[in-house]
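Worksheet: one structure, shown below.
The values are calculated or read from the model by the stated rules, or taken from the named source; none is laboratory data. Fair warning: this is a prediction, and the values are worked out from it, not measured in the lab. Here the Cβ positions follow ideal geometry from the backbone for every residue, glycine too, while neighbour counts run over all protein chains shown. With ligands, DNA and RNA removed, areas are computed over all heavy atoms of the protein, side chains included. Shrake-Rupley method; radii C 1.70, N 1.55, O 1.52, S 1.80 Å.
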Amino acid sequence: MDLLYIRGQGNELMEDLPAFALAAHWHKGQTRKGRQKEPFVQHPIRVAEILIRHGITQTELISAALLHDVLEDTDCPPSEIRTRFGSEVSGWVQEVTDRKTLLKSQRKQMQVERAALLSPGAKLIRLADKIDNVESLFNDPPANWSWQRQREYAAWANRVVKNLGPVHSAMEARYHEASDQLRMKVTGKKPF
């Protein structure tokens, strides 16, 4: 992994952020769904890297990106994030956290419906998350996902991103490029 610097209270390395350590702690032992079963923590690291590579280097936003799945996929209490990182980081993390008490279909529909209501910071995290998820699906799909399931995921992710509205033109272009590549792979058809 590149050593990515964040402009903030000095030139911090992403790896030196307390959020990096907390994400690694809480996601320890978790793996992604892809065939390679990479450590899950690689996903939030890539989400943060996507933001940094697109010029978004606010330490608090990068911290929230690193923690964006901690509440949803671990037993980390929301109070830990709020106490350690403040209300801004905690707020962004909570905005992009799905409610696990709902059925999966309801959670997915809520992401589509709530996309436009997210704060600007949460929209950036959501877009970076979708970029990484679509790129990961293209490069390392889960073994048990049929072409149909991959197409359904891509269509759903497109609806979420569309409902975000204008967020960051370069990131949106990266998303659409990844989505077009995935569409060609799973349908054999060129994008519109």
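Quick one: compute the contact order of the chain, relative version, from alpha carbon pairs under 8 angstrom and 6+ residues apart, as a percent.
That works out to 19 percent.
How much length is gained if the chain between Glu152 and Ala173 is pulled fully straight, taking 0.36 nm per residue apart and subtracting their Cα-Cα distance, in nm to one decimal? Please list the in-between numbers first.
Details: separation 21, 0.36 × 21 = 7.56 nm, distance 2.08 nm.
Length gained between Glu152 and Ala173: 5.5 nm.
Of the listed pairs Lys130/Lys189; Lys37/Lys162; Lys100/Lys123; Lys33/Lys100; Lys33/Lys104, which have alpha-carbon separations greater than 24 Å here? Write out the running numbers ahead of the final one.
Numbers: Lys130/Lys189 21 Å; Lys37/Lys162 29 Å; Lys100/Lys123 20 Å; Lys33/Lys100 18 Å; Lys33/Lys104 16 Å.
Checking Cα-Cα distances, Lys37/Lys162 exceed 24 Å.
By per-residue mean of other Cβ atoms within 10 Å, what is the highest-first order of 176-184, 131-139?
The peptides rank, most packed first, as 131-139, 176-184.
Taking amide H positions as placed 1.01 Å from N in the peptide plane, with prolines and chain starts having none, which residues 5 or more places from Thr31, or on another chain, fall under 5 Å of its amide H?
For Thr31, whose amide H was placed from the backbone, the distant partners under 5 Å are Phe40.
Rounded to the nearest 10 Å², what accessible area does Asp140 show when all protein chains are kept and the probe is 1.4 Å?
For Asp140, solvent-accessible area is about 30 Å².
In whole angstrom, how far apart do the alpha carbon centroids of the stretch 108-180 and the stretch 16-91 sit?
Centre-to-centre (Cα) distance: 18 Å.
Using only the alpha-carbon atoms of the chain as identical scatterers, what base-10 log of I(q)/I(0) does the Debye formula give at q = 0.10, 0.13, 0.14 Å⁻¹?
-0.39, -0.67, -0.79
What number, rounded to the nearest 500 deg cm²/dmol, is the helix-based mean residue ellipticity at 222 nm of the chain, given -39500 (n - 2.57) per DSSP H run of at least four residues and division by all its residues? Numbers along the way, then the final one.
Working: 9 runs with 119 residues, N = 192.
So the helix-based figure for the chain works out to -19500 deg cm²/dmol.
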